[in-house]
1. Given the conditions (1) in a strand (DSSP E or B); (2) closer than 30 Å to residue 223 by Cα; (3) touching a Ser or Thr at 6+ places or on another chain (Cβ under 7 Å), report the number of the one that residue 142 does not fulfil.
2. Could you grab me the full set of residues in the stretch 299-319 that are in contact with a strand residue (DSSP E or B) (Cβ under 8 Å, 6 or more places away or on another chain) and farther than 21 Å from residue 140 by Cα?
3. Could you list, in sequence order, the residues of the stretch 320-334 that are touching a strand residue (DSSP E or B) at 6+ places or on another chain (Cβ under 8 Å) and over 30 Å from residue 63 (Cβ atoms)?
4. Looking at 146, 102, 137, which is the one that is touching a Pro at 6+ places or on another chain (Cβ under 7 Å), under 21 Å from residue 299 (Cβ atoms) and touching a residue at least 12 places away in the same chain (Cβ under 8 Å)?
5. How many residues does the stretch 36-67 hold that are acidic (Asp, Glu) and over 30 Å from residue 130 (Cα atoms)?
6. If we scan the stretch 150-159, do we find a residue that is outside any loop (DSSP other than H, G, I, E, B), among the polar types (S, T, N, Q) and either within 19 Å of residue 31 (Cα to Cα) or free of Cβ contacts under 8 Å to residues at least 40 places away in the same chain (or both)?
7. Can you tell me which residue among 305, 350 is of a type in the set (Lys, Arg) and assigned by TED's automatic domain parsing to the domain that holds residue 228?
8. Any idea which of (1) part of a strand (DSSP E or B); (2) among the acidic types (Asp, Glu); (3) touching a Pro at 6+ places or on another chain (Cβ under 9 Å); (4) without any contact (Cβ under 8 Å) to a residue 24 or more places away in the chain is the one residue 271 doesn't satisfy?
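The values are calculated or read from the model by the stated rules, or taken from the named source; none is laboratory data. Keep in mind the model is a prediction, meaning the values are calculated, not measured. Note that each Cβ is placed from the backbone with ideal geometry, even for glycine, and that neighbours are counted across all protein chains shown.
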Amino acid sequence: MAAGESAPKQGRPAPDLSALERVQVELLAPPQVHAHEARATGKPKVVEFRMVIEEKTLILDDQGTEVHAMTFNGSVPGPLMVVHQDDYVELTLVNPATNSMPHNIDFHAATGALGGGALTIVSPGEQVRLRFRATRPGVFVYHCAPGGAMIPWHVVSGMNGAIMVLPRDGLKDRAGKPLGYDKVVYIGEQDFYVPRDKDGKFKRYASPAAGFADMQQVMRGLIPSHIVFNGNVGALTGKNALTAKVGETVLIVHSQANRDTRPHLIGGHGDHVWASGKFSNPPEQDLETWFIPGGAAGAALYTFRQPGLYAYLNHNLIEGVLLGATAHFQVEGEWDSDLMSQVEPPSPIR
């Protein structure tokens, strides 16, 4: 909310929701996603979430590059929330007294009041409760938007996440046939803009505010120092790799609150892809790479058919390989030689 703006005036009173079932959900840190129904049973509910804003130091890479992150619930990205169309999302947003600045939340899935941003500004030591009806199915970004230059700074300091609003009768393919999944993983792509000193080394600061001016200069150049999945380089590789089995269907939710991205699964495909993230639109099929614009979230469904290591990355390969936007899936199962086989091993040229 820009300086001088105030919360909107109250008009028609909120509906009486006392007859609706209330469900309290404990959020999980990405890439994990809280338990939910793929297809809704019963009538719309009031789904209650609680998120605590945490300003914290993150280490971005194995060189020890440090950034003062701003986070929802301590993770970058913030947790994925899952509800169904026509459910009510009721969020308690907590800004502990240990934090140094005001924050709020703008839900791209919400209607009015700057996505809730105008109703949720909380100073350190305050909390606020927001409720909105999830009218549109899809995956949507949420982020902090406290106004002016603070908006991009808070977003590229890690303060963003996603919410998934499922159709009440579940996902469907282009022909309207129901689609299911065995698990959901949430990947949040984050661009960081860490200033360097005169010797080219990444700088450290005593507090978020101390680095604001230098970071603004880097941001104006539009060239990130790091582009990572889930908070740091290697967060989803090696011992932290995502796992699956041959025959399992995985729904990959991918958000980028600030920059365009081009997800690609090396060795696999997007069986069904909602690149715009909106489930009312029919998914595209059999994609090699898909495009998610900055400020949006997308979803892709894939059934793994071969065991082994798969790399999931931003296929701007400079961003994916050199700057850090890569994840791994380690898949167990039996190899299908009909899909691929090495006919002849390497040998001297004859």
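1. If we test residue 142 against (1) in a strand (DSSP E or B); (2) closer than 30 Å to residue 223 by Cα; (3) touching a Ser or Thr at 6+ places or on another chain (Cβ under 7 Å), just (3) comes out false.
2. We begin by selecting, within the stretch 299-319, every residue in contact with a strand residue (DSSP E or B) (Cβ under 8 Å, 6 or more places away or on another chain); these are 299-304, 306-316, 319.
Hits for the stretch 299-319 are 303, 304, 306, 307, 308, 309, 310, 311, 315, 316, 319.
3. The first filter runs over the stretch 320-334 and keeps only residues touching a strand residue (DSSP E or B) at 6+ places or on another chain (Cβ under 8 Å), leaving 320-321, 323-333.
Scanning the stretch 320-334 gives 331, 332, 333.
4. Details: 146 fails: under 21 Å from residue 299 (Cβ atoms); 102 fails: under 21 Å from residue 299 (Cβ atoms).
One residue alone meets the criteria, 137.
5. Step one: of the stretch 36-67, the residues acidic (Asp, Glu) are 37, 48, 54-55, 61-62, 66.
Imposing the further condition that a residue be over 30 Å from residue 130 (Cα atoms) reduces the set to 61-62, 66.
So the count comes out to 3.
6. Going residue by residue through the stretch 150-159, those that are outside any loop (DSSP other than H, G, I, E, B) are 150-156.
Now narrow it down to the ones that are among the polar types (S, T, N, Q): none.
No, every residue in the stretch 150-159 fails to be outside any loop (DSSP other than H, G, I, E, B), among the polar types (S, T, N, Q) and either within 19 Å of residue 31 (Cα to Cα) or free of Cβ contacts under 8 Å to residues at least 40 places away in the same chain (or both).
7. Numbers: 350 fails: assigned by TED's automatic domain parsing to the domain that holds residue 228.
On inspection, the qualifying residue turns out to be 305.
8. Unmet condition: (4).
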